[in-house]
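Everything below concerns the one structure shown next.
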């Protein structure tokens, strides 16, 4: 990941998948910068390894008994394997970087 390409930091609260649609979802809030459709999330695994995925859509959601508005990042995968890889990372209560380019 090229940190010069970083345009935002997103705090993930939770993640889930809808396998039938090959969609992976991240619920959270933008801590800094910006996020939009066709940007990339970057999940850091260690100091030299990360997973990059293109954001298909950004939605704004509300939760019961919580006055905050959260963002829902949607990643539509063409392959079942990518959806499985993202889901198995168990992303939650951590930051991911938003970049304007990445690996599809």
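General remarks:
- Relative contact order (%) - the chain, alpha-carbon pairs under 8 angstrom, separation at least six: 39 percent
- Residue 45/residue 18 FRET efficiency (R0 25 Å; Cβ-Cβ; nearest 0.05): 0.55
- Alpha-carbon centroid distance for the pair the range 20-58 / the range 59-104, whole angstrom: 5 Å
- All Cα pairs of the chain, percent lying beyond 16 Å: 54 percent
- Residue of 86, 72, 49 that the Gaussian network model of the chain assigns the largest fluctuation, springs spanning Cα pairs under 10 Å: 49
Where a number appears in this text, it was derived from the coordinates with a stated rule and is not lab data. Values in this document were obtained by computation on a predicted structure and should not be read as measured data. Virtual Cβ from ideal backbone geometry, glycine too; neighbours counted across all protein chains shown.
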